[in-house]
């Protein structure tokens, strides 16, 4: 979801008459105690049925027809994604399909349904505030991993490794290999000490080379927040070399952690 563009568009939408706008925030989080036993299905059925019953009683045939068109499309989306639901579903829709947005998201929302002249955007604004489009930079001395996230969901990951023969950073492909400082047991301390001395001598220059690449990615991809995660020395060093402002530094080595664990550490 491109949340900024979606909000800008929806904030200027208003419909009159029978062609109203349907908004749904549906909590489908299986870890939520209030959702045990698939309770979200009951909430979804009741929410849709309540609007339909009201419009039938109101004898507004055109508006009822419009709502039923929306209902069928929303049901198709929800039940079609039942096997791979995340924590919530958000939908904005009109009968003429001029507005149709539906997505599964990795944050919990409060279940609500509206059928009115304007979309209900309060929860969407709150999500934008708490889970912005972010660049999370995991840094070790000679390795960097960039996680791009939006609405608490991983959009892309890119890894870089320092080529110690050329002192240039190269983008990595494939699974992560062992540390460049790893060697035979008898030589491990020597290799580590040798690398540490080289790191202390060259760290300013090393991070000065990679920082512009990260700055450019932040600009090109419209990051709203930048978080650097790593042990104190490399994390702070990289922050100082970047031109883009870093919002937070988390002094914790998480380069080998699963992306979902990283997002949980950053956003809670």
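Could you let me know the centre-to-centre spacing of region 96-126 and region 204-268, using Cα atoms, in angstrom?
Centre-to-centre distance over Cα atoms comes out at 32 Å.
How long is the gain from residue 216 to residue 65 if the chain were fully straight, where each residue apart is worth 0.36 nm and the alpha carbon distance is subtracted?
Gain on stretching residue 216 to residue 65: 49.4 nm.
In nm, what is the difference between 0.36 nm times the number of residues separating residue 36 and residue 258 and their Cα-Cα distance?
Using 0.36 nm per residue and subtracting the Cα-Cα distance, I get 77.2 nm.
What spacing in nm lies between the two simple spin-label points modelled at residue 173 and residue 191, each 7 Å away from Cα in the Cβ direction?
Label at residue 173, label at residue 191, 2.6 nm between them.
Along the Cα→Cβ direction, 7 angstrom out, place labels at residue 164 and residue 49. What is the inter-label distance in nm?
For the pair residue 164/residue 49, the computed spacing is 6.7 nm.
Assuming a ≥ b ≥ c are the square roots of the Cα gyration tensor eigenvalues, decide whether region 134-267 counts as rounded (a/c under 1.5), prolate (otherwise, with a/b larger than b/c) or oblate.
Since a/c reaches 1.5 and a/b is larger than b/c, the shape of region 134-267 is classed as prolate.
Using only the alpha-carbon atoms, how far is helix 39-58 inclined from the longest principal axis of the chain? Give it as 0 to 90 degrees, nearest 10.
With rounding to tens, the tilt is 30 degrees.
Could you tell me what percent of the DSSP beta bridges with both partners in region 134-267 are antiparallel, to the nearest 5?
Within region 134-267, antiparallel bridges account for around 65 percent of the total.
What label, among (1) 26, 19, 18; (2) 49, 19, 13; (3) 34, 25, 14, belongs to semi-axes √(5λ) of the Cα gyration tensor in Å computed from the structure on display?
(2)
If you fit an axis through the alpha-carbon atoms of helix 232-241 and take the longest principal axis of the Cα set of the chain, what angle between them do you get, 0 to 90°, nearest 10?
It is inclined by approximately 80 degrees.
Sorted by packing (mean other beta-carbon atoms within 10 Å per residue), highest first, where do 25-33, 4-12, 230-238 land?
Those peptides, ordered most packed to least, come out 230-238, 25-33, 4-12.
Calculate for the chain the 222 nm mean residue ellipticity that helices alone would give, adding -39,500 (n - 2.57) per DSSP H run of length 4 or more and normalising by residue count, nearest 500 deg cm²/dmol.
Calculated from helices alone, the mean residue ellipticity at 222 nm is -13500 deg cm²/dmol.
Quick one: which of 157-170, 105-118 comes out on top by average Cβ neighbours within 10 Å, and what's the full order, highest first?
Ranked from most to least packed, the peptides come out as 105-118, 157-170.
Under 1.5 on a/c is rounded, so check that first for region 8-65, then, if it is not, pick prolate when a/b is larger than b/c and oblate when it is not; a ≥ b ≥ c are the square roots of the alpha carbon gyration tensor eigenvalues.
Note, shape of region 8-65 comes out oblate.
Evaluate the relative contact order of the chain (contact order divided by residue number), counting alpha-carbon pairs under 8 angstrom at least 6 apart; express in whole percent.
It comes to 18 percent, rounded to a whole number.
Roughly how many nanometres apart are two label points built 7 Å out from the Cα toward the Cβ at residue 116 and residue 76?
A separation of 2.8 nm, rounded to one decimal place.
Here, each number is a calculation from the coordinates, and none is a lab measurement. None of the values given here were measured: they were computed from a predicted structure. Glycine gets a Cβ as well: all are built from the backbone with ideal geometry, and neighbour counts include every protein chain shown.
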